[in-house]
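These notes are about the structure you will find just below.
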2 protein chains.
Amino acid sequence: MKTKQPFVFLMAFALAAGVQVASAQAGGADDFKPSPYNQPGSQYPQINSEGKVRTRILAPDAQKVQLDIGAVKYDLVKNEEGIWIGESAPQDPGFHYYQLNIDGASVPDPGSMFYFGACRWGSGIEIPSNDQDMFAVKNVPHGQLREVLFPSASTNTSRRAFVYTPPGYEKETAKRYPVLYLQHGYCENEYSWPMQGRVNLIMDNLIAEGKAKPFIVVMTYGMTNEIQFGRLRDFDIKPFQTVLVDELIPFVDTQFRTLANQPNRAMAGLSMGSMETKAITMNRPEVFSHIGLFSGALYQPEEVKNKSSIKLIFQSTGSKERPDAVKKSTEALKQSGINATWYVSEGTAHEFHTWRRSLHQFAQLLFK
Amino acid sequence: MKTKQPFVFLMAFALAAGVQVASAQAGGADDFKPSPYNQPGSQYPQINSEGKVRTRILAPDAQKVQLDIGAVKYDLVKNEEGIWIGESAPQDPGFHYYQLNIDGASVPDPGSMFYFGACRWGSGIEIPSNDQDMFAVKNVPHGQLREVLFPSASTNTSRRAFVYTPPGYEKETAKRYPVLYLQHGYCENEYSWPMQGRVNLIMDNLIAEGKAKPFIVVMTYGMTNEIQFGRLRDFDIKPFQTVLVDELIPFVDTQFRTLANQPNRAMAGLSMGSMETKAITMNRPEVFSHIGLFSGALYQPEEVKNKSSIKLIFQSTGSKERPDAVKKSTEALKQSGINATWYVSEGTAHEFHTWRRSLHQFAQLLFK
């Protein structure tokens, strides 16, 4: 027994030293590590076990540098080398947009990767979560994520879409697949689901585990009526409905081996995308059978126009949003005889981790 | 005649006013316009007809803000609203990396799109060129740009590659295609050719014009031997050669409808990628038949090991690099009986416009 004492002592010393350092940083665990989603080779931003974000930037002549995350600005502190460093309060698990503020200029953190959201390409950070394994890169068969340009007569443009094809699509050339059309939120774009949503990895892993049927996922830009950011109330569904239903779907059904019928077509969206999903699935019930509304619109029983052809209505939210409304609406749908399901993402708000989890749940229910 | 005088006068006045404004900005044309490659809705950066870049950023409390482009830093000037604005000297046509400097902090310009180059994701700008039509989005059939993950036993990772499949690939399911393996430069990555190189659009347009045979293009990360940026001299070709030849090529030949033989396989690269191309095509002459060296390595006749199986050696450079060396080496190859071609990009240096043009030329010679 006695031989172990020096080790115990050293451990206690190390812990005490750790606490000391941490208390100099306003409390918390001093176990900050570089995010694996940083720019190649970048040591910052870092995250600790409490979900605090620490940033660092060389700005020798600046007067004030702040980390702006979760709608709070945290002052960084300058050291003798002109490097500013500091950290945020603990953040929810999952993905968050953020930026730096240097003497009044809001700029991306050059250490982070860049994502489109909050109306701009800018910094994003990934706080570790207990279920991040769902989008880990694993040694499983991988699908492909394809960028395609499709012709749109109604907007007189070539428009971009991302198309996920599941593993096996290239080999099983006689097989046809169901399709999910998946929409981003307000001030996001067609890159948001593939990048911060990590759709391809979520699907690869679910399919490898046998939890989801292989299907195609299509993501395009949903703000097509030329509204400027900031005017969501003026949003008119018609221009996007035309692009999606009358232009993109026929293109996908021509270019990909789809099961091109209502029972094998789903639509889902997050936030503004859920409003689009509700509006379009109400307007065109002959097109989609499976409906996913993540953190936004809710279906009421009397709004379901074609009860017999709707196979699933899935409604979800973060626990920090409005779980009661989601449960209530979904229970009412169930009682009216509709196959409806609700899902609440524990510990998350109106952010992408809620929507990844929603997709992860929704995908397991599709086309079965 | 007299009725036209007021118009002539007004025009002269407008020109004089134009000159006045321009001279207040240290000379040049005052016809700055937002770049079409800006962030959505962003009015800056702007470019004028002389190729000057004008940037603008709100930084009310900053002491000094600079535009850092082409290895020169230009001071911006602050107005009463705390907005800094200013412009660069004329830049060469084509694509350039740049950044802002705010009180000593080097950061991306939040108005620009972000590209990987110069060892980081950061700002890039497109100066209009007289041949930018080659990568315009046109109303022609479009191929697909696919992100794939392939297993690499030698590095024990899943690695990313981008694969361009030409228009028609999805429909002509009995057809098999030649493949070009295309490498980025030092401190760039597998995103560089698809993003700033605009490979898919160059190929779509060439194929639509009947100038290039439809072929597949594969792009992956070429710095696989764990060297840190800044140590190019330590570069060992073997680890990447293993990934490319022994792992990626077999994967592509399994997953795509390729013509899986030496006559139908090309390799090209820019700068460091041209060194890789030369080394790998020398080490493995049985794998590739068509070789493209853009702005970097040059083949000498005595280095061509398998003269009868080499169908093409294409060597190129910007006119501001070293055209004489490229011409001399290529003429020597020709005299030794090798099918060799040189190309010089007029008015450009060691930058992506040189390499887009090189690809545009090289692609027209492939697999014919």
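The values are calculated or read from the model by the stated rules, or taken from the named source; none is laboratory data. What you are looking at is a predicted structure, and each value in this text was computed from that prediction instead of being measured. Cβ: placed from backbone, ideal geometry, glycine included. Neighbour counts: every protein chain shown. Each accessible area value is taken on the protein alone, full model and side chains, heavy atoms only, with ligands, DNA and RNA left out. Shrake-Rupley method; radii C 1.70, N 1.55, O 1.52, S 1.80 Å.
Remark: the stretch A:227-359 carries 39 Å² of accessible area per residue (probe radius 1.4 Å; ligands, DNA and RNA excluded). A label point on B:GLU209, set 7 Å along the Cα-to-Cβ line, lies at 5.0 nm from each of its counterparts in the other copies, closest listed first.
Peptide B:101-114 shows a mean partner chain C-beta count of 6 within 10 Å per residue C-beta. For the pair the stretch B:61-115 / the stretch B:325-368, the C-alpha centres are spaced 34 Å from each other. Take each residue in B:56-64, count the other chain C-beta atoms within 10 Å of its C-beta, and the mean is 5. When a/c is below 1.5 the answer is rounded, else prolate if a/b is larger than b/c, else oblate, so apply that to the stretch A:134-363 with a ≥ b ≥ c taken from the square roots of the Cα gyration tensor eigenvalues. Rounded is the answer for the stretch A:134-363, as its axis ratio a/c remains below 1.5. For the residues of A:139-147, the average number of beta carbons from a partner chain within 10 Å of their own beta carbon is 6. 3J(HN,Hα) along the stretch A:202-217: 4, 5, 3, 5, 4, 5, 4, 7, x, 8, 10, 5, x, 9, 8, 10 Hz, from the Karplus curve 6.51 cos²θ - 1.76 cosθ + 1.60 with θ = phi - 60°, whole Hz, x for Gly and Pro. Surface composition of the stretch A:134-363: carbon plus sulfur atoms contribute 49% of the solvent-accessible area (1.4 Å probe, protein chains only, all chains present). Helix B:352-363 and the longest principal axis of the Cα set of chain B meet at an angle near 40°.
Across the stretch A:294-305, coupling constants 3J(HN,Hα) worked out from phi with the 6.51/-1.76/1.60 Karplus curve, θ = phi - 60°, read 9, 6, x, 4, 10, 7, 9, x, 5, 8, 7, 7 Hz, and Gly and Pro carry x. Ascending distances from the A:THR157 label point to its copies in the other chains, with the point 7 Å along the Cα-to-beta-carbon line: 3.5 nm. Rolling a 1.4 angstrom probe over the protein heavy atoms with all chains in place gives the stretch A:11-128 an accessible area of 44 Å² per residue.
Against the main long axis of the alpha-carbon atoms of chain A, helix A:272-283 sits at an angle near 10°. Anisotropy class assigned to the protein assembly as shown is rounded, per the alpha carbon gyration tensor with a/c under the 1.5 cut-off.
Could you run the numbers on buried accessible area between B and A, total for both chains, 1.4 angstrom probe, in Å² to the nearest 100?
Summing both sides, the interface buries roughly 3400 Å².
The calculated 222 nm mean residue ellipticity attributable to helices in chain A amounts to -6500 deg cm²/dmol, summing -39500 (n - 2.57) over DSSP H runs of n ≥ 4 and dividing by all residues. To the nearest ten degrees, helix B:323-335 and the longest principal axis of the Cα atoms of chain B are 30 degrees apart. Counting from the shortest, the label point at A:ASN79, 7 Å from Cα toward Cβ, is 4.0 nm from the same position in each remaining copy. Would you mind classifying the stretch A:96-231 by shape? Square roots of the alpha carbon gyration tensor eigenvalues, ordered a ≥ b ≥ c; an a/c under 1.5 is rounded, otherwise it is prolate if a/b is larger than b/c and oblate if not. Because a/c hits 1.5 or more and a/b fails to exceed b/c, the stretch A:96-231 counts as oblate.
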